[in-house]
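The next block holds one structure in the form of structure tokens; read it before the comments.
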Amino acid sequence: MNYLAHAFLSFGYPELLVGNMISDFVKGRKKDDYPYKIKQGIVLHRAIDQFTDDHPVTRLAKTYFKPAVGLYSGAFVDVAYDHFLANDPAQFQEPLLAKFALHTYDTLEQFEHLVPPTFRLMLPYMRQQNWLFNYRTVDGLESSFAGVARRARYLETSRHVFYLFKEHYDALQKCYIDFFPSLKDFTVQQLKDWNIH
């Protein structure tokens, strides 16, 4: 999953949110350098990603992007899922999403002294460009796809994969609808197992 889903699946716990958001910037056992609750967020992020990657619906979603981006299809599915989450009336109404995005940036900035330097450099752009809210729009999603392509080692452009996203929009939305409730249930159970309620 991408940033919006990881923020949402932190369920309002500040340290869990921080760990969940910075996990991709924390390599291997470096997670043990963080306070316990932030470390739990890092572990939760990795569990969410593993559950997502292993899910048969996600494997189906990846097939829509594979002709354009091959092994990078999972990264683009993660961004597409954030678009559908941002537009999911069962999870967010538009004013609530805007408020949630701002609260997330505020929380991350409160812990700015603890986050990895690369994430700290990225955070102002995340706020200024309002990444979490702008997953809602197709233009915002196109920008996010372009960001994935820039970070990928062997991709020059996201144009073709964005075309495939628009072509298969309804099918990808159905994948999200079929998948996300099981991910939410998985995450809730994970927190119960850790005695986080």
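Structure values in brief
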item: Residues that are aromatic (Phe, Trp, Tyr), at pLDDT 95 or above and more than 17 Å from Arg136 (Cα to Cα), drawn from the range 157-197; result: Phe179, Phe186
item: Residue list for the range 151-170, restricted to those being exposed (fewer than 13 other Cβ atoms within 10 Å of the Cβ) and farther than 14 Å from Ser73 by Cα; result: Glu156, Lys166, Glu167, Asp170
item: Test set (1) in a helix (DSSP H, G or I); (2) under 18 Å from Leu172 (Cβ atoms); (3) over 14 Å from the mean Cα position of the chain (by Cα) - Gly74 fails condition number; result: (3)
item: Failed criterion for Phe11 (all others in (1) surrounded by fewer than 18 Cβ atoms within 10 Å (Cβ to Cβ); (2) in contact (Cβ under 8 Å) with a residue 40 or more places away in the chain; (3) part of a helix (DSSP H, G or I) hold); result: (3)
item: Yes/no for Leu60 being at pLDDT 95 or above, surrounded by fewer than 17 Cβ atoms within 10 Å (Cβ to Cβ), among the hydrophobic types (A, V, I, L, M, F, W, C) and more than 18 Å from the chain's Cα centre (by Cα); result: yes
item: Any helices (runs of 4 or more DSSP H) falling wholly within the range 111-197 and containing at least 2 residues that are free of Cβ contacts under 8 Å to residues at least 24 places away in the same chain; result: 117-128, 138-151, 159-167, 169-193
item: Any hit, the range 92-109, residues being within 14 Å of the chain's Cα centre (by Cα), of a type in the set (Lys, Arg) and assigned to a helix (DSSP H, G or I); result: no
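For (1) crowded, with 16+ Cβ neighbours inside 10 Å; (2) of a type in the set (Val, Ile, Thr); (3) within 22 Å of Val161 (Cβ to Cβ); (4) touching a strand residue (DSSP E or B) at 6+ places or on another chain (Cβ under 7 Å), each residue gets a yes or a no:
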{"site": "Pro67", "(1), (2), (3), (4)": "no, no, yes, no"}
{"site": "Asp78", "(1), (2), (3), (4)": "yes, no, yes, no"}
{"site": "Leu85", "(1), (2), (3), (4)": "yes, no, yes, no"}
{"site": "Gln91", "(1), (2), (3), (4)": "yes, no, no, no"}
{"site": "Leu96", "(1), (2), (3), (4)": "no, no, no, no"}
{"site": "Ala101", "(1), (2), (3), (4)": "yes, no, no, no"}
{"site": "Ala149", "(1), (2), (3), (4)": "yes, no, yes, no"}
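Okay, residues lined up against (1) at pLDDT 95 or above; (2) closer than 19 Å to Ala98 by Cβ:
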{"residue": "Met1", "(1), (2)": "no, no"}
{"residue": "Ala5", "(1), (2)": "yes, yes"}
{"residue": "Gly12", "(1), (2)": "no, yes"}
{"residue": "Glu15", "(1), (2)": "yes, no"}
{"residue": "Lys27", "(1), (2)": "no, no"}
{"residue": "Lys30", "(1), (2)": "no, no"}
{"residue": "Tyr36", "(1), (2)": "no, no"}
{"residue": "Leu44", "(1), (2)": "yes, no"}
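The values are calculated or read from the model by the stated rules, or taken from the named source; none is laboratory data. The model shown is predicted, which means the values in this text are computed figures rather than measured ones. Cβ coordinates were reconstructed from backbone atoms using ideal geometry, including for glycine residues, and neighbour counts include every protein chain displayed.
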